[in-house]
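Encoded as structure tokens, the structure appears first; notes follow it.
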Amino acid sequence: MMQFKGKSVYKGIALGPVMVLKGREEQVQRREIEDAEVEIEMLKSAIAQAQAQLEKVYDAALQKIGESGSAIFKVHQMMLEAEDYWSAIHDRIRTEKVNAAYAVAVTGDSVAEMFEKMEDEYMRARAADIKDISGRLIHILEGSRDIDWSSMEPSIIVADDLSPSETVQMDREKILALVTVHGSPNSHSAILARMMNIPALVDIPLNLEEIHTGMLAVVDGFKGEVTFEPDEELCADARAKSREEEKTRRLLESLKGKESVTADGRKISLYANVGSLSDIDYALQNDAEGIGLFRSEFLYLGRESFPTEEEQFQVYKQAAQMMAGKQVVIRTLDIGADKQADAFALVREENPAMGYRGIRICLKQPDVFKTQLRALWRAAAFGDIAILYPMIVSVDEIHKIYEIIQAVEKELEAAGIFYKRPKQGIMVETPAAVMVSDELAQLVDFFSIGTNDLTQYTLAMDRQNGKLDEFYDSHHKAVLRMIRMTVENAHKHGKRVGICGELGADLDLTGEFIRMGVDELSVVPSMILQIRKAVREMNV
């Protein structure tokens with residue numbers, strides 16, 4: 001037997017033969033050209049063909065997994081239309097006198113690398129989307145042939161990585177599980193796997209040359225393990241677990257539409273964390289009661305200019321309308337540290353996690369902040385929008401924010417633009433915010449605890465540093481006491497408290513959070529029904 005451990009994307013069990021997919025890495029040759037305009041016309045034609053292909057993929061995905069899963073391909077179409085993307089390719093063709101396919105490859109790699117360097121796992125996963133659309137364009141420009149999926153037998157797919165397009169074009173009935181050497185639990189391929197209820201593992205440290213099509217394998221999404229050439233005992237165990245898993249899946253589906261209330265009557269709201277409009281459908285499909293964290297920085301990343309007020313307004317308005325009256329908590333711009341946007345021209349810092357980031361950038365660059373606030377205030381008239389300010393450490397910051405808000409409202413009124421002031425909340429993600437939470441609670445409408453940063457700042461440990469894994473304890477008493485203190489101080493002033501960090505989805509802590517009095521948990525959409533099941537079985 002050969003056994004490997006990685007990260008689980010969807011917790012399921014699968015037993016069956018392996019099909020190894022060798023990645024079709026495009027080896028793009030650099031060629032010097034004489035007429036840049038000819039190459040640009042070829043690129044325009046390729047973009048048009050890619051748009052047509054994506055429309056077909058979208059239609060196919062719509063039939064397989066509904067609007068929530070297929071929305072990513074509409075996003076891919078929008079990315080192809082983004083002026084910053086194709087103008088960068090045009091510039092490279094003209095200035096370097098290179099062929100279109102090479103310009104696409106280099107530009108795509110550059111943008112994808114920017115995302116891959118980010119600390120935020122969700123943002124890192126967006127690199128796969130950039131690679132997908134760039135690969136599609138190169139595929140068209142180079143005249144490559146598509147993979148034929150129709151002859152595939154029911155198999156466990158093993159690959160270096162999978163693009164969203166490849167994942168959705170597979171026949172769901174023939175996919176037993178997905179296993180990739182690379183990839184992220186937050187990639188859209190992973191999201192699609194969850195949408196289709198396919199057991200999936202990523203970041204598996206295996207050598208594809210040692211794995212062969214036809215080998216038998218067991219994928220255990222609960223343990224995050226894949227075993228090649230398993231013995232009969234392991235196979236029998238996998239069959240038994242698969243039968244139990246089917247019973248559990250039917251139970252979770254039955255919880256849709258039901259309240260998240262403990263056996264003794266304690267109600268808790270279960271919201272979803274999302275990073276783009278395409279994720280909202282996925283949240284709704286998993287019966288989210290609202291959006292507890294909408295990351296707005298995706299509008300600023302991967303472009304050389306700031307998004308306009310109108311661009312932002314349309315996105316925020318659509319988010320509110322999609323949730324149809326349910327609350328949407330939008331976090332204001334959280335650029336800095338790992339998330340670098342070209343338009344801000346941020347300099348490299350020695351300690352970026354404690355540097356120029358979050359609300360600090362907004363207060364130092366009020367014109368950029370005002371543009372976002374105007375868009376948010378306008379969008380709030382179309383639904384239940386609330387605002388969340390990141391990296392707050394003092395009362396003075398709140399007063400400065402409110403001064404800017406007053407200026408924004410005067411501008412909107414002077415222009416005769418209708419708006420609505422959203423509820424105002426702050427991220428509690430620093431020990432400083434915890435220690436003055438009694439004062440902060442008197443100035444805002446709600447708190448949302450960002451446990452990822454709160455844990456790393458409390459323990460003085462970089463959560464991305466693998467050397468510290470044995471020391472890093474997200475259940476540390478100090479962290480839990482800070483959460484309790486924050487809840488108590490908020491409730492003393494009649495304010496609600498939610499948790500939007502990774503601990504919110506930690507089932508080992510769900511009961512403790514409810515006993516503390518946490519009002520809301522905002523988690524990745526795939527965890528909502530599992531937490532609801534746990535909540536309904538509790539007596540606190």
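The sum of -39500 (n - 2.57) across all DSSP H runs of n ≥ 4, divided by the residue count of the chain, sets its helix-only mean residue ellipticity at 222 nm to -14500 deg cm²/dmol.
Think of a 1.4 Å ball rolled over the protein heavy atoms: segment 161-286 then has 41 Å² of accessible area per residue. Accessible area per residue for segment 495-538 in Å², computed with a 1.4 Å probe and the full protein assembly in place, what is it? Accessible area per residue: 32 Å². A simple packing score, the average count of other Cβ atoms within 10 Å per residue, orders the peptides 164-172, 211-219 as 164-172, 211-219, with the highest score first. Heavy-atom accessible area with a 1.4 Å probe sorts 496, 515, largest first, into 515, 496. Computed log10 I(q)/I(0) for segment 400-540 at 0.12, 0.13, 0.15 Å⁻¹: -0.58, -0.66, -0.81, from the Debye equation with unit scatterers placed on every C-alpha and solvent omitted. In a simple Cβ point-charge model (Lys, Arg +1; Asp, Glu -1; nothing else charged), segment 161-299 has a dipole of about 760 debye relative to its Cα centre. Per residue, segment 370-490 exposes 44 Å² of solvent-accessible protein surface, assessed with a 1.4 angstrom probe and all protein chains in place.
If you plug the beta carbon distance of residue 229 and residue 96 into 1/(1 + (r/R0)^6) with R0 = 45 Å, you get a FRET efficiency near 0.35.
A convex hull fitted to the Cα coordinates of segment 225-343 yields 188 cubic angstrom per residue.
Over the C-alpha trace of the chain, radius of gyration and Dmax come out as 24.0, 76 angstrom. Put simply, the amide H of residue 328, placed in the peptide plane, has neighbours under 5 Å in 291, 384, 385, 386, leaving out anything fewer than 5 places away on its chain. Cross-link pairs exceeding 19 Å in C-alpha to C-alpha distance, out of 5/533; 326/420; 74/131; 22/56, comprise 5/533; 22/56.
Membrane-span-like helices in the chain (whole DSSP H runs, Cα extent of at least 20 Å along the helix axis, mean Kyte-Doolittle hydropathy of at least -0.5): 36-81, 100-116, 127-142, 395-414, 477-492.
How far is the Cα center of segment 399-459 from the Cα center of segment 236-273, in Å? If we compute the Cα centre of each part, the gap is 34 Å.
Less than 5 angstrom separates the built amide H of residue 538 from those of 263, all sequence-distant by 5 or more or on a different chain. Scoring 240-252, 398-410 by mean Cβ neighbours within 10 Å over their residues and listing the highest first yields 398-410, 240-252. Semi-axes of the equivalent ellipsoid for segment 377-418, computed as √(5λ) from the eigenvalues of its C-alpha gyration tensor and ordered from largest down, come to 23, 15, 5 Å. Heavy-atom surface analysis with a 1.4 Å probe gives the chain a carbon and sulfur content of 49 percent of its accessible area. Here segment 449-508 is treated as a Stokes sphere of Kirkwood radius computed over C-alpha pairs; at 37 °C and 0.692 mPa s its diffusion coefficient rounds to 266 µm²/s.
Summarising the label geometry, the points placed 7 Å from Cα in the beta-carbon direction at residue 539 and residue 267 lie 2.2 nm from one another. Considering only 437, 372, 211, the residue lying farthest towards the positive end of the dipole of the chain is 437, judged by Cα position with unit charges set on Cβ.
Here segment 408-496 is assigned +1 on the Cβ of each Lys and Arg and -1 on the Cβ of each Asp and Glu. Its dipole about the Cα centre then comes out at about 320 debye. Counting only Cβ charges, +1 for Lys and Arg and -1 for Asp and Glu, the dipole size of the chain around its Cα centre is about 1800 debye.
The values are calculated or read from the model by the stated rules, or taken from the named source; none is laboratory data. Everything numeric here is computed off the predicted structure, so don't read it as measured data. Note that each Cβ is placed from the backbone with ideal geometry, even for glycine, and that neighbours are counted across all protein chains shown. The accessibility values were calculated without ligands, DNA or RNA, using every heavy atom of the protein model including side chains. Shrake-Rupley method; radii C 1.70, N 1.55, O 1.52, S 1.80 Å.
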